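One structure is given here, and the rest of the page talks about it.
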Amino acid sequence: MGTIGYCKRFFRPWLLAAALGVLSLPSCVRRTDQGYAAVRYVGRLMADSLSYVQRLGAQSGKASGTVFILGDPEQCLRTVGDLLSADNFDNIDGAARPDGLKDFAGERFCVVFDCANAPYEGYLPARDTQFLRESAVRMAVAALDTLCRPDRYNPAASAFQAPAKVLIVCSPLLDRHAVPDIRDFLERAGAQVPVLSSPDTAAVYAADLFRLMRERRLFTHTVAQPAADLYMTYPVRDLQFASRTDSTGAFLPSYKYSRPAGDLASTFSVIRLREDVPAFKLQDVYVQNKY
């Protein structure tokens, strides 16, 4: 299923129109001294763009930043819907009781629907987990930057974004294959950005995220409705031709699951679709698709 076709299953027409114009619940982190080998992309990025990587690390992980949610589109949509509507804790003393104020009041979530690379199951029979791991790191790199692309038709366009202070990775396959790479990159970059992920497709992150942000003093302490910016991964324009993409511009499975890893040039871009999506709209999308 192609990029647009995959996303149509989960997003209402208003989002498609825009697209077109837990701490890890125990998972083993592969370390270098245990035979872990980082994806080649990270090594090349550190060797060729060290100053850029250091800048990413220095500017991220601050209370003024955002919570980035990335991965499988359906799981991302469910996760951000849960977080935007959560009221499980007292915002003053942190006690486990609702207080009528959203737990993440004043917070901004950036949601990256990875439509260009999902569904991830196709990488397993193709034995292309190297690319799966690399694509997740690329999204993490984009989350640490202060610039994003607001227009897929104009590669030169850029807009400001607040860099990540927390990453939530929504996919059991990314949790298993890619989260260790994301953490490895963050450590090398000196980025104090915690990563939440789970091997469970039904994982709920609200409680873990709330406790984490209180512990690390990452709340903005602004009394306002939580909101979200929506992003989507999309094939780069140079690759949008018949042998690699379908009529909608989405990668053909034969190409998607055979892309080589290790090149600094990416086959997909992270594009911002919409800003300031209020909680009730995303919650409406979530409920409509769930029921």
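The values are calculated or read from the model by the stated rules, or taken from the named source; none is laboratory data. What you see is a predicted model; the values in this text were computed from it and never measured. Methodologically, a virtual Cβ is constructed for each residue, glycine included, from the backbone with ideal geometry; neighbour enumeration extends over all protein chains shown.
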| request: Report whether or not Val111 is in contact with a strand residue (DSSP E or B) (Cβ under 6 Å, 6 or more places away or on another chain), part of a helix (DSSP H, G or I) and either within 21 Å of Leu218 (Cα to Cα) or not basic (Lys, Arg) (or both). | output: no
| note | Scanning the range 58-97 for residues that are surrounded by fewer than 20 Cβ atoms within 10 Å (Cβ to Cβ) and farther than 16 Å from Arg214 by Cβ gives Ala58, Gln59, Ser64, Asp82, Ser85
| said: Testing Asp87 on (1) under 20 Å from Leu132 (Cβ atoms); (2) at pLDDT 95 or above, one condition comes back false. Which one is that? | reply: (1)
| Does the range 275-289 contain at least one residue that is touching a helix residue (DSSP H, G or I) at 6+ places or on another chain (Cβ under 8 Å), in a strand (DSSP E or B) and either of a type in the set (Asp, Glu) or modelled with pLDDT of 75 or more (or both)? | no
